Structure formats: structure tokens, C-alpha cells
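Read the structure below first, then the notes.
Every number in this text was worked out from the coordinates using simple rules, so none of it is lab data. A quick note: this is a predicted structure, and the numbers were derived from the prediction, not measured. Here the Cβ is made from the backbone with ideal geometry for all residues, glycine too, and neighbour counts use every protein chain on show.
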Amino acid sequence: MRIGLDIDDTICQTTEMVHEVIEKYASKLNLNPLDIMNDDFLRDEFYDNNSAEIFKNVIIKKEVKDIFRRLNNKGNKIFIITSRKKEYESITRAWFEKEGLEVEEMIFSVYGEDKAKTCQEKHIDLMIEDNPYNYKKIKEAGIHCILYDDRGKYDLKQDYYTTWKDIEDYIERNH
Ligand SMILES: [Mg+2]
């Protein structure tokens with residue numbers, strides 16, 4: 001099976017890391033984190049200044065390492081399809097190496113329709129994504145996609161999983 005995976009908030013705890021970093025950043029500027037998040041300029045500036053640190057130190061989600069190994073051992077091919085900008089490719093690759101995650105290929109800077117198009121081009125059998133907009137676009141492109149949400153953000157009735165173990169069982173059943 002050719003499995004497509006999102007990175008942020010799908011295999012690692014990006015939102016948690018953003019919260020941690022923005023708290024420090026905001027207090028240095030004598031601002032409230034919400035002042036930054038609600039202002040386009042300040043928010044962009046925050047991400048420009050801090051994304052490298054966030055991507056370097058982000059915590060991998062529980063179970064992901066073992067599941068990656070098992071999926072690879074069973075002959076699946078894992079494609080990372082992310083909206084992270086190309087400039088973060090080397091930091092991202094170093095993080096995957098540090099975590100011991102083996103992938104077939106990584107595709108950067110794709111979001112929404114471009115992400116869906118990439119899934120088509122790479123003949124992805126199943127895409128796993130936490131972003132409902134991407135999920136919608138990928139489904140519309142005729143690619144099988146499941147939405148991963150371990151924080152109860154969404155309320156989708158189908159294609160919806162809240163643990164990595166459930167996703168692994170699903171892949172097992174549909175292999
Ligand atoms: Mg994501």
C-alpha cells in the first residue's frame with residue numbers, strides 16, 4: 001500500500017510545541033500569545049522566526065515510531081506530503097532521521113488542491129491528514145483519505161480516527 005502522511009499534528013505534536021514557543025516569544029515582546037495569533041503581521045513574523053526551532057524540537061506522537069516500523073516491515077511505502085515550506089526540508093529530514101522514521105519520499109509546500117494533486121501523482125492508496133480542508137480536497141480528488149484527530153477538534157462521522165492504533169488496525173483490515 002502507498003500511504004500518504006501529513007506531518008504537523010498528524011505524526012507530531014506541533015500545536016503543543018507552537019504554544020510552548022509562543023508563550024516565551026510573547027513574554028519577551030510583552031505581548032499576549034493571542035495578540036500575536038490574531039494579527040497577520042505578528043503571526044507571520046512569529047512563524048518566520050520560530051518555525052525552524054519548532055520543527056527541530058517537536059515531539060513525536062506516541063506509537064508513531066513503532067507503527068512506522070511495522071508499516072515499513074509489511075512492505076508499505078510511506079510518502080510524506082506536507083505544507084511545510086521547502087526551506088524547512090533539511091530540518092525536517094534531520095528530525096525524521098533522529099526519530100528513525102523511514103520514508104519513501106517527502107513532498108513539501110503542498111496544501112489543499114495541490115496536496116490532493118500530489119496524492120494523485122504519487123498514486124497514494126490512503127492519505128492520513130488532520131486538516132479537514134485538506135481532507136475534503138483529497139476526497140474530492142478521488143483519493144481515499146482518513147482524518148486523524150486526537151484532540152476532539154472535529155466531529156466527522158466517517159473516515160475519522162482518534163488514535164494511531166486505530167489507524168494501524170484500519171490499514172491492516174484494508175490491506
Ligand atoms: Mg497537519
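Report the extension gain between Asp40 and Lys62 in nm, rounded to one decimal, defined as 0.36 nm multiplied by the number of residues separating them, less their alpha carbon distance.
Extra length from Asp40 to Lys62 when fully extended: 4.7 nm.
What area, in nm² and to one decimal, does the C-alpha convex hull of the chain cast on average over all directions?
One quarter of the hull surface, i.e. the mean projection, equals 10.1 nm².
Note the direction-averaged projected area, equal to a quarter of the hull surface, for the Cα convex hull of the range 14-57, in nm².
Average projection, Cα convex hull of the range 14-57: 2.7 nm².
Taking the chain as a Gaussian network, Cα atoms linked when under 10 Å apart, which of Met37, Met127, Met17 shows the biggest mean-square fluctuation?
Met37
How tilted is helix 64-73 with respect to the longest principal axis of the chain? Cα atoms for both, answer in degrees (0 to 90, nearest 10).
That helix lies at roughly 30 degrees to the long axis.
With θ set to phi - 60°, apply the Karplus curve 6.51 cos²θ - 1.76 cosθ + 1.60 along the range 159-175 and write out the HN-Hα couplings as whole Hz, x wherever there is a Gly or Pro.
Coupling constants for the range 159-175: 6, 10, 10, 10, 9, 5, 4, 5, 5, 4, 4, 4, 4, 4, 5, 9, 5 Hz.
Could you tell me the center-to-center distance, by alpha carbons, between the range 1-68 and the range 139-164 in angstrom?
After rounding, the separation between the Cα centres reads 21 Å.
So between Lys136 and Asp48, what do we pick up on full extension, going 0.36 nm a residue minus the alpha carbon distance?
28.9 nm
Quick one: putting +1 on the C-beta of Lys and Arg, -1 on the C-beta of Asp and Glu, what dipole do you get for the range 14-57 around its Cα centre, in Debye to the nearest 20?
180
Taking amide H positions as placed 1.01 Å from N in the peptide plane, with prolines and chain starts having none, which residues 5 or more places from Tyr160, or on another chain, fall under 5 Å of its amide H?
Close amide H contacts, sequence-distant or interchain: Leu147.
What ranking do His144, His123 get, fewest neighbouring Cβ atoms within 10 angstrom at the top?
His123, His144
Where is the GNM fluctuation largest for the chain (alpha-carbon springs, 10 angstrom cutoff): Asp130, Asp155, Asp66?
Sorting by GNM fluctuation, first place goes to Asp155.
If you average 1/r over all unlike Cα pairs in the range 1-74 and invert the result, what Kirkwood radius do you get in angstrom?
Result for the range 1-74 stands at 14.0 Å.
Rounded to whole Å and sorted largest first, what semi-axes of the equivalent ellipsoid does the C-alpha gyration tensor of the range 108-165 yield via the square root of 5 times each eigenvalue?
Value: 20, 11, 10 Å, ordered largest first.
How big is the dipole moment of the chain about its Cα centre under a simple scheme where the beta carbon of each Lys and Arg is +1, that of each Asp and Glu is -1, and everything else is neutral? Debye, nearest 20, please. Present the calculation step by step, with values, prior to reporting the outcome.
Numbers: 28 positive and 37 negative charges, 104 e Å.
Once rounded to the nearest 20, the dipole reads 500 debye.
Cut-off is 10 Å between beta-carbons; in what order do Cys145, Cys119, Cys12 appear when sorted fewest neighbours first?
Ascending number of Cβ neighbours within 10 Å: Cys12, Cys145, Cys119.
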